[in-house]
Amino acid sequence: MTTNNQSLNSKKKILKSLILAFFIASIVLLVAVLPAEYGIDPLGTGKLFGFSKLHKKEVEMNTTSASSLNFNKITLDDVGSSSDIIKPIEANNAPPEKQLPKREDVIKVIVPAKKGIEYKVKMLKYGSMKYEWSTTDQIVFTDFHGEVKQDNPPKDVFYESYTVAYSNNMGGTLTAPFEGKHGWYFKNLIDNDVVVVIKLKGEYELFN
């Protein structure tokens, strides 16, 4: 008889524990999980304790992330000069016997709000340069390109694009296909100035 009573009491304790656990889980679900994860706040506790803000921030981050990648598609027409601009004959000049001395530089370029700016270096034909550029987190439009050195360049100069993209960071190595100016056009897409940090290492000269 005593054994049966103990067994019955144990079952009651287990049942009470299960009911209590279910009750606590339901409270947590209503107070925190639904407001934070799904934006559902039936008791108003999500707003009271700040859990609803978590859902709002997540929605804003997802919206910003999606919209920040909604750029115009880059096509072949966006790469390099138009077909009616002839490549200068100077591009066929022989490379020099000696390249420019190797060096390293870090340059900060401020791109004004909603505007574009260029930054280029001088390179000889077949000179090599490693590069890296980045912003804090802002995405900019960039056209990495080169212009052939000419004694009397026309108004509409020929240029050859190496990379055209939307990004906040890029790196690589350039072997100059001809002597001339090689570098970047950056276009700022937002209402605040953007700082682009460029790191260079190789055979080039900076323009004063």
Of all residues in region 89-114, how many are among the charged types (D, E, K, R) and either exposed (fewer than 11 other Cβ atoms within 10 Å of the Cβ) or over 34 Å from the mean Cα position of the chain (by Cα) (or both)? 5
Which one of K125, K155 is crowded, with 19+ Cβ neighbours inside 10 Å and in a loop (DSSP other than H, G, I, E, B)? K125
Within region 92-129, how many residues are more than 18 Å from F144 (Cα to Cα) and of a type in the set (G, A, S)? 2
Condition check: open to solvent by 60 Å² or more (accessible area, probe 1.4 Å) and of a type outside the set (D, E). Does T142 satisfy that? no
Among the residues listed as K73, K53, K57, the single one being under 30 Å from D193 (Cα atoms), at pLDDT below 90 and either of a type in the set (D, E) or assigned to a loop (DSSP other than H, G, I, E, B) (or both): K73
Search region 193-208 for residues that are within 17 Å of R103 (Cβ to Cβ) and among the acidic types (D, E) and pair each with any residue that is open to solvent by less than 40 Å² (accessible area, probe 1.4 Å) and assigned to a strand (DSSP E or B) when their beta-carbon atoms are under 9 Å apart and the residues are at least 6 apart or on different chains. E203/M123; E203/M129; E205/V121; E205/M123
Can you find even one residue in region 135-151 that is in contact (Cβ under 8 Å) with a residue 24 or more places away in the chain, among the charged types (D, E, K, R) and farther than 20 Å from Y204 by Cα? yes
Is it the case that N188 is open to solvent by 30 Å² or more (accessible area, probe 1.4 Å) and out of contact with any Leu (no Cβ under 6 Å at 6 or more places or on another chain)? no
Considering residues of region 170-184 that are out of contact with any Phe, Trp or Tyr (no Cβ under 7 Å at 6 or more places or on another chain) and either under 21 Å from D77 (Cβ atoms) or not basic (K, R) (or both) only, the residue most open to solvent (accessible area, probe 1.4 Å): T173
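The values are calculated or read from the model by the stated rules, or taken from the named source; none is laboratory data. This is a predicted model, so every value here is computed, not measured. Please note: Cβ atoms are built from the backbone with ideal geometry, for glycine as well, and neighbour counts cover all protein chains shown. To get the accessible areas, we keep the full protein, side chains included, count just its heavy atoms, and leave off ligands, DNA and RNA. Shrake-Rupley method; radii C 1.70, N 1.55, O 1.52, S 1.80 Å.
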